[in-house]
């Protein structure tokens, strides 16, 4: 795995307020450079930079089962995009699900996530 979860609320708030964003009907992606990436790289066993990923699904989408399903699909979509195109490292990436994401499969969501990350110039081609 080339990413870790964002656990602190202030990092979500920073990504929302100061980060670049790409919005699609199924998801919104917020990206901010991770200023602790270099320190994390030195502490990493293989000295690699990693991304920190945050997944959000609000109660507007549905109950806990629906929200957890959407987050699971978003996680797999990120893995798919990273495997196929390699996402640049050293960033805080927040992926927020929108209403249309509840009806999508992981393949369709991966396509939308790829488009959003491409707009933000995060894909290595």
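The values are calculated or read from the model by the stated rules, or taken from the named source; none is laboratory data. Predicted model, so just to flag it, every value in this text is computed and none were measured. Here Cβ is always computed from backbone atoms with ideal geometry, including for glycine, and neighbour counts include all displayed protein chains.
For region 69-83, does any single residue satisfy the condition of being under 26 Å from residue 111 (Cβ atoms) and either modelled with pLDDT under 90 or not in a helix (DSSP H, G or I) (or both)?
no
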Enumeration of residues in region 100-124 that are under 15 Å from residue 69 (Cβ atoms), touching a residue at least 60 places away in the same chain (Cβ under 8 Å) and assigned to a helix (DSSP H, G or I): 100, 101, 108, 109
Hits in region 84-98 - residues which are modelled with pLDDT of 95 or more and surrounded by fewer than 22 Cβ atoms within 10 Å (Cβ to Cβ): 96, 98
Subset tally (residues that are out of contact with any strand residue (DSSP E or B) (no Cβ under 6 Å at 6 or more places or on another chain) and in contact (Cβ under 8 Å) with a residue 60 or more places away in the chain) for region 28-75: 0
Among the candidates 62, 54, residue that is modelled with pLDDT of 90 or more, in contact with a helix residue (DSSP H, G or I) (Cβ under 7 Å, 6 or more places away or on another chain) and over 22 Å from residue 111 (Cα atoms): 62
The lone exception for residue 49 - which of (1) touching a helix residue (DSSP H, G or I) at 6+ places or on another chain (Cβ under 6 Å); (2) farther than 17 Å from residue 112 by Cα; (3) buried (at least 19 other Cβ atoms within 10 Å of the Cβ) it fails: (3)
Region 15-32, subset out of contact with any helix residue (DSSP H, G or I) (no Cβ under 9 Å at 6 or more places or on another chain) and crowded, with 17+ Cβ neighbours inside 10 Å, residue farthest from residue 123 (Cα to Cα): 15
Number of the condition not met by residue 39 [criteria: (1) closer than 11 Å to residue 91 by Cα; (2) surrounded by fewer than 17 Cβ atoms within 10 Å (Cβ to Cβ)]: (1)
